[in-house]
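So the structure is just underneath, and the comments pick up after that.
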Amino acid sequence: MELHRTQPEPMAAENAVPPESAVPADSAVSPENAAPADGAVLPEPEPEPEPAGAPEPARPARLRGRTALVLAVAAVIGASAGTAVGFKVQADRAPTPLPALNQPGLGYPAEPLPKGREPEPLSAAEDRQVKTDGDLRKLLLPRPKGAAKGAGGKPGGIWLNVEEYASHFQNAGGMFGDFVQRDIRRVAFVAWEQGAHKVTDIKLVQFHSGRDAMEHATGQRDYMPMSFEYSAGNDGDLLKGSGNGRYYLYPVKEEAGYLPSYRARAIFQRGDVMVDIDITDTKRISKNEIRSLAERQLERLS
């Protein structure tokens, strides 16, 4: 037999207990202590809301960028102010007097000498420029007595063009270009033969400037101490009176089936003329021989 639970009907108004007769508050049973009715389902108590936490204090905005900008502006202003102050201080100072210009006595008279007291002009023999502007072949050493003419042809020497002179070098093409670039002027050449194998040749190589003549002589001397086939392999000896000239003895070259080969060379420069003297022989060549030949040629250019 099923039992049907019914909801209790509300009590009539007349049966309601007036407020005055209600149980006093101190004797009232609190809801949580009240006993549940049989079979009644109690509602679950609602969780108490958590108290709202205190609001977090706002973080101060970062001022890094603004601070850097302020510092940069301050630095610029400080530098500008310092520069301005420096200019102002310098402007207020008295100008520093320059030291006196010390000039030694003039090497020439301040006024022209009276007529009749002028120095005599250099003679053609004393004026080196006059010598080299004339026939350069006449400044070559003459061929010794008894010597046969060599490749130089005439006793007084011949002219070589740039291509012919460049052919005397191992790198003929490169030397030709170098001579054209240096503005070579002309080449006087003489050669003679003595005995069966001895050959001597002298070249006077003139440029349009003394600087180019000096550089050509320097270039030839620079490779002489090296260990090349056509180098002397030593520093040579200083040619007195030339300023930059040197003379060299090459080591003897010996090869089976051939006579020994000896060689001596002198290189110097005087003014716009570079001088190259070469001696080859199958017999030993002394330092005195090449030095004497170079000194005599230097004297003719002085």
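Just a few scattered comments:
- Scoring 248-259, 275-286, 136-147 by mean Cβ neighbours within 10 Å over their residues and listing the highest first yields 275-286, 136-147, 248-259.
- Angstrom value of the Kirkwood radius, inverse mean 1/r, which spans all Cα pairs in the range 152-192: 10.7 Å
- The range 191-277: translational diffusion in µm²/s, Stokes-Einstein, Kirkwood Rh over Cα pairs, 10 °C, 1.306 mPa s: 113 µm²/s
- Taking trypsin sites (Lys or Arg not before Pro) across the range 199-245, the ones in a DSSP loop with at most 16 further Cβ atoms lying within 10 angstrom of their Cβ are LYS240.
- In the range 174-220, the ratio of gyration radius to Kirkwood radius, Rg to Rh, stands at 1.11 when only Cα atoms are counted.
- Coil-residue GluC sites (Glu not before Pro) of the range 161-239, DSSP, other Cβ within 10 Å capped at 10: GLU229
- The Cα atoms of the range 129-301 cover 47, 36, 32 Å along the three principal axes, with the biggest extent listed first.
Values quoted throughout were computed directly from the atomic coordinates according to the rules given, and no laboratory measurement underlies them. Just so it is clear, the model here is predicted, and its values are computed rather than measured. Ideal geometry is used to build each Cβ from the backbone, glycine not excepted, and the neighbour counts take in all protein chains shown.
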